[in-house]
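Heads up: the structure comes next, in structure tokens.
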Amino acid sequence: MAAGKERPQAVAEPEPAVEEPRSFKDLGVTDVLCEACDQLGWKTPTKIQVEAIPVALQGRDIIGLAETGSGKTGAFALPILQALLETPQRLFALVLTPTRELAFQISEQFEALGSSIGVHTTVIVGGIDTMSQSLALAKKPHVIIATPGRLVDHLENTKGFNLRALKFLVMDEADRILNMDFETEVDKILKVIPRDRKTFLFSATMTKKVQKLQRAALKNPVKCAVSSKYQTVEKLQQYYIFIPSKFKDSYLVYILNELAGNSFMIFCSTCSNTQRTALLLRNLGFTAIPLHGQMSQNKRLGSLNKFKAKARSILLATDVASRGLDIPHVDVVINFDIPTHSKDYIHRVGRTARAGRSGKSITFVTQYDVELFQRIEHLIGKKLPAFPMQEEEVMMLTERVAEAQRFARMEMREQGEKKRSRNDDDDDTEEALGVRNKVAGGKKKKRKAF
Ligand code: AMP
């Protein structure tokens, strides 16, 4: 089926609910799955679940517009599991998602909700051995959670594997799947799955491309939206700081000291700046860990798990982590490098102030970023206050920060040389720290002050 050849279809709005349903049972969820929700501590359905689950249980296609952390995985997983209970079948549902981490996260929720009914899921993502994935596919799981590229790889090359009996297709973070040029892969997938299926398309933002896809893949869909245009949550205190570019590192260290005791996510624009800043902070005694696309899949999951388990208080990431990742305890989001796409701002700051908690975000604005920052303020419809700072205290840090910068640069060079000689893609932050300790020697005690 070629995208664009389908006739555009009207999107129906759901009927307004007469009375707010208070339980999953009220939404029509079957007892065994209600118990599973209860066991996960899900007492009442979230807004997107209230909107989407009854419609999905009626067998309609859905376009779900919901903010990150809204419970949207449950909104599509519960109706799929319920349908699976009614008509058990292998290779029943496919969830497409843009990043590997999200795929694992979604699979965890399917497993948790479906454990009592014996659901088998398989994650098919890049960066992991294809042979073991082929073996997992040969066992015909009920639900496959995949990034599009690797799935196409298996559809084309894994003998005996096909999705001709598929009943449900979910596209999670759909706008991103398209932005990241997965369009060709998605079209290939749409060609080899039955037209007679249910399709759920979930996205935090609705772009023109998503509208195009909706025409290609959905039948008479119902739109379930819980957020009005690009809102950020109320309990989020958003600030900016306007600073000279050359002192960014010192300001970062100042803020981390000021807000010590919190957990931080710091967003950088490139893999190499993420790595460099992680090394810099570690040289100053902070427990910082990087997460970016040039790390191996194992290291990425390892970083995320260490941060989730609170073994590290600072996660430095590229936008690979800005969407959909469920990291409940982030207190402060720092936009160390301002996002070039304003919508990414919403996704990044959406990492904090989740599930009714409060949180802070601080955006670094240098002399080069003013226009981008104005665009962000325009998008969210408000002027942000400046984060209060003592400039003199920041300046007192510059010498120690400069020293740590030198070590970080040296470590980056050493890692680069090692990588070239080993010709692999491993991240060596932990090893590099060992190198730094040797190099820095007696300076370690002084840095502990941070
Ligand atoms: P998601 O938006 O799907 O990534 O979900 C965000 C978080 O909310 C996950 O940790 C879910 O386990 C949790 N969650 C989903 N539905 C509910 C619910 N009804 N009550 C409480 N927590 C929920």
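Computed from the coordinates by the stated procedures, all read-outs in this text should not be read as laboratory data. Everything numeric in this text was worked out from a predicted model, so none of it was measured. Virtual Cβ from ideal backbone geometry, glycine too; neighbours counted across all protein chains shown.
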### Task
List, in the order given, every pair from 246/418; 306/343; 72/198; 246/382 whose Cα-Cα distance in the structure shown is over 20 Å.
246/418; 306/343; 246/382
### Query
Using a ≥ b ≥ c from the Cα gyration tensor of the range 30-111 (square roots of the eigenvalues), is it rounded, prolate or oblate, where a/c under 1.5 gives rounded and otherwise the larger of a/b and b/c decides, a/b for prolate?
rounded
### Summary
Stretched fully, the stretch from residue 87 through residue 39 gains (0.36 nm per residue minus C-alpha distance, one decimal, in nm) 14.9 nm
### Query
Between rounded, prolate and oblate, where does the range 10-163 land on the alpha carbon gyration tensor, with a ≥ b ≥ c its root eigenvalues, rounded for a/c under 1.5, else prolate if a/b exceeds b/c?
prolate
#### Entry: Cβ-derived FRET efficiency at R0 30 Å, residue 120 paired with residue 196, nearest 0.05
0.80
### Query
Taking 0.36 nm per residue of separation and subtracting the Cα-Cα distance, what length does fully extending residue 237 through residue 260 add?
6.6 nm
### Message
Can you work out the Karplus-derived ³J(HN,Hα) for every residue in the range 140-145? Use 6.51 cos²θ - 1.76 cosθ + 1.60 with θ = phi - 60°, whole Hz, and x for glycine or proline.
### Response
6, x, 6, 10, 10, 10
### Query
Under the classification rounded if a/c is under 1.5, otherwise prolate if a/b is larger than b/c and oblate if not, where does the range 354-396 fall, given a ≥ b ≥ c as square roots of the Cα gyration tensor eigenvalues?
oblate
### Task
Give the distance, in whole Å, between the Cα centre of the range 104-154 and the Cα centre of the range 362-392.
41 Å
### Task
Compute the length gained on full extension between residue 403 and residue 135: take 0.36 nm times their separation in residues and subtract their Cα-Cα distance, giving the result in nm to one decimal.
91.4 nm
